[in-house]
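Remarks on the structure that follows.
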């Protein structure tokens, strides 16, 4: 080093400084900036997730309020009879005279104060329009009815375009005190 002149010493110091600056930039500054960018991207993603969670929580609260109202309606139905109600809907749909039978049974729901009421219904010689109208009235009923199973067959007479249908309708009712 003693043999080097001032000019060579200055060039050597500048080279060492540049090499040191490149190493600092490559191993300290760049990873720190990339880490900062990654953290910012993760933060934006977490913020959007939080917004989604808050929206879902609000939706859940609304759904829960509606469900609680539905359960209150279900519990407070007084003098509800599935057979009678299905008969009313059959009259409205124009299939009352074509109803062969409506048989219902009740099945307790384990660990609850509710029973499932199941009605088996058979209709003969109804048009598909009448059948669809009746099924629509059942499914859109405010009394929590649903069609569980259905079998539709063509009418036995060749000159008739009617169908026969057998299906089950279910609902849940509060268990009556004994």
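Going by the conditions given, is residue 131 assigned to a helix (DSSP H, G or I), in the same structural domain as residue 170 (by the TED database) and in contact with a strand residue (DSSP E or B) (Cβ under 6 Å, 6 or more places away or on another chain)? Let's see the steps before the verdict.
On the way: assigned to a helix (DSSP H, G or I): yes; in the same structural domain as residue 170 (by the TED database): yes; in contact with a strand residue (DSSP E or B) (Cβ under 6 Å, 6 or more places away or on another chain): yes.
Yes.
Please specify each residue of segment 74-118 satisfying the condition of being part of a strand (DSSP E or B) and farther than 27 Å from residue 161 by Cβ. Spell out the reasoning first.
Looking only at segment 74-118, we keep the residues that are part of a strand (DSSP E or B), and these are 99-108, 114-118.
Listed by number, the residues that qualify are 103, 104, 105, 106, 107, 108, 114, 115, 116, 117, 118.
If residue 137 passes every condition in (1) over 29 Å from the mean Cα position of the chain (by Cα); (2) part of a helix (DSSP H, G or I) but one, which one does it miss?
Failed condition: (1).
If you check residue 131 against the conditions, is it at pLDDT below 90, surrounded by 16 or more Cβ atoms within 10 Å (Cβ to Cβ), under 29 Å from the mean Cα position of the chain (by Cα) and within 19 Å of residue 102 (Cβ to Cβ)?
Numbers: at pLDDT below 90: no; surrounded by 16 or more Cβ atoms within 10 Å (Cβ to Cβ): yes; under 29 Å from the mean Cα position of the chain (by Cα): yes; within 19 Å of residue 102 (Cβ to Cβ): yes.
For residue 131, the condition - at pLDDT below 90, surrounded by 16 or more Cβ atoms within 10 Å (Cβ to Cβ), under 29 Å from the mean Cα position of the chain (by Cα) and within 19 Å of residue 102 (Cβ to Cβ) - is not met.
For every residue, the table says whether it meets (1) modelled with pLDDT under 70; (2) surrounded by fewer than 15 Cβ atoms within 10 Å (Cβ to Cβ).
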| residue | (1), (2) |
| --- | --- |
| 59 | no, yes |
| 67 | yes, yes |
| 73 | yes, yes |
| 76 | yes, yes |
| 82 | no, no |
| 95 | no, no |
| 99 | no, no |
| 102 | no, no |
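Being farther than 19 Å from residue 150 by Cβ and at pLDDT 80 or above: is that true of residue 50 here? Spell out how you get there, then give the answer.
Values: farther than 19 Å from residue 150 by Cβ: yes; at pLDDT 80 or above: yes.
The answer is yes for residue 50.
Might you let me know whether segment 154-162 holds any residue that is over 19 Å from residue 91 (Cα atoms) and either touching a helix residue (DSSP H, G or I) at 6+ places or on another chain (Cβ under 6 Å) or not in a loop (DSSP other than H, G, I, E, B) (or both)?
Of segment 154-162, the ones over 19 Å from residue 91 (Cα atoms) are 154-161.
Checking the rest, the ones that are also either touching a helix residue (DSSP H, G or I) at 6+ places or on another chain (Cβ under 6 Å) or not in a loop (DSSP other than H, G, I, E, B) (or both) come to 154.
Yes, segment 154-162 contains at least one residue that is over 19 Å from residue 91 (Cα atoms) and either touching a helix residue (DSSP H, G or I) at 6+ places or on another chain (Cβ under 6 Å) or not in a loop (DSSP other than H, G, I, E, B) (or both).
The values are calculated or read from the model by the stated rules, or taken from the named source; none is laboratory data. Predicted model only: the values in this text are computed from it and were never measured. As a convention, Cβ positions derive from the backbone with ideal geometry for all residues, glycine included, and neighbour counts pool all protein chains shown.
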